Amino acid sequence: MNFIQKMWKGFLLCLVIAIPSWILGSYFPIIGGPVIAILAGMVITMFLKDKSQLEDGIKFTSKKILQYAVILLGFGLNLNVILETGKQSLPIILATISVSLAIAFILHKAMRIPGNISTLVGVGSSICGGSAIAATAPVIDADDEEVAQAISVIFFFNVLAAIIFPHLGSLLGFSTTSGDAFGIFAGTAVNDTSSVTAAASTWDNMWNLGSATLDKAVTVKLTRTLAIIPITLALALIRTKKSKKDGNKVDFKKIFPFFILYFILASVITTIAVNCNVPVSFFTPFKEFSKFLIVLAMAAIGLNTDIIKLIKTGGKPIIMGLCCWVGITAVSLVLQSAMGIW
């Protein structure tokens, strides 16, 4: 009961922001509900003189609800489908992830960008945008302003990709009779699911391909999502070793991303159920609720973010995001060409 009394005011405020943000996000998918929620939260917090009664609920929403969202995301993964149709794109996925993380690490050192921001931008660019940031943030103990910074960077390049890539595909001569080439390109080079969907759907509409490109792109994107598992585990180990080296005691069990195990379990449940003839549509509500929880958590993160500070410190992360984005795009195109896909 005491837990509810401490949490309800902050949680309710996040919910009030999240519901209209979720609705608006459905009308403007390129922008998306999470970004709208973050922006709304940042604006609203400027007018809150005293947040003391809201802090516990906001913190719970930005941390725990974010983890619950990642767990439910697992219900959208049928491992059989991913392993079967993701084989073709796996070399490209591994290469783009490696390049993005390498670029982020190099720029982190060269430009002295804070470690958490660098990690979040690198992981968000290479894996699956907001979902990867949501999974990574608690493992590296990123604060809400760092999460907001990374989400803002990813959002900016998501919008550019959704607008530019279909036209770039035409200029490069991607097949207009099959959605495979552009689907793989969108699935490996665009950060967030919403923008992958927008770019692939645009290509389908441009060339009357039904949903062929969209189906391919989403499958590739879901294959990328699985990279959340090794990345979060590796980051937990790195953080533990670094803390020991610095003379600080960090218990690996305390920072181990147990929610990732539940994410895997959700994926396994979906795979087994579908093999037992349970319709895929049965799991759609879980996926949709996962997306809403991300919007809810982003509202909380916005409420904990200083928008003025965010703008002042945003230059270097944007440069990093640009370099990761260009690197991923180039590698995807080169490997597709080398593999004969394009």
For segment 171-185, what does the Karplus curve 6.51 cos²θ - 1.76 cosθ + 1.60, with θ = phi - 60°, yield as ³J(HN,Hα) per residue in whole Hz, taken in order and with x for Gly and Pro? 5, 7, x, 4, 4, 9, 9, 9, x, 4, 4, 5, x, 5, 4
Using the number of other C-beta atoms within 10 angstrom as an exposure proxy, rank Arg224, Arg239 with the fewest first. Arg239, Arg224
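Assuming R0 = 45 Å, can you tell me the calculated FRET efficiency for the pair Lys49 and Ala338, based on Cβ-Cβ distance, to the nearest 0.05?
Values: r = 59 Å, r/R0 = 1.30.
Calculated transfer efficiency: 0.15.
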Student exercise, the chain dipole from Lys, Arg, Asp, Glu Cβ charges, in Debye to nearest 20: 980
Most exposed first, judged by fewest Cβ atoms within 10 angstrom, Val123, Val81, Val35, Val218 run Val81, Val218, Val35, Val123
What is the helix-to-structure angle for 129-140, meaning the angle in degrees between its Cα long axis and the longest Cα principal axis of the chain, kept from 0 to 90 and rounded to the nearest 10? 40
Nearest 10 degrees, 0 to 90: what angle lies between the long axis of helix 33-45 and the longest principal axis of the chain (Cα atoms)? 30
I need Met7, Met46, Met111, Met298 ordered by Cβ neighbour count within 10 Å, fewest first. Met46, Met111, Met7, Met298
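So how many Å³ per residue does the convex hull of the Cα atoms of the chain work out to?
On the way: hull volume 49.8 nm³, N = 342.
Each residue corresponds to 146 Å³ of Cα convex hull volume.
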Within segment 235-339: Cβ-based charge dipole about Cα centre, in debye rounded to nearest 20 (Lys, Arg +1; Asp, Glu -1): 600
In whole Hz, what ³J(HN,Hα) sequence does segment 279-287 give by Karplus (6.51, -1.76, 1.60; θ = phi - 60°), x for Gly and Pro? x, 4, 4, 4, 8, 4, x, 5, 5
Considering only Ile151, Ile133, Met111, whose Cα is most displaced toward the positive end of the charge dipole of segment 82-152, charges sitting on Cβ of Lys, Arg (+1) and Asp, Glu (-1)? Met111
Could you run the Karplus curve 6.51 cos²θ - 1.76 cosθ + 1.60 with θ = phi - 60° over segment 307-323 and give me ³J(HN,Hα) per residue in whole Hz, x for Gly and Pro? 5, 5, 5, 4, 5, 5, 9, x, x, 5, x, 5, 4, 4, x, 4, 5
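We did not get these values from a lab; they are worked out from the coordinates using the rules stated. Here the structure is a predicted model, which is why all the values come from computation and not from measurement. Cβ atoms come from the backbone with ideal geometry, glycine included; neighbour counts cover every protein chain shown.
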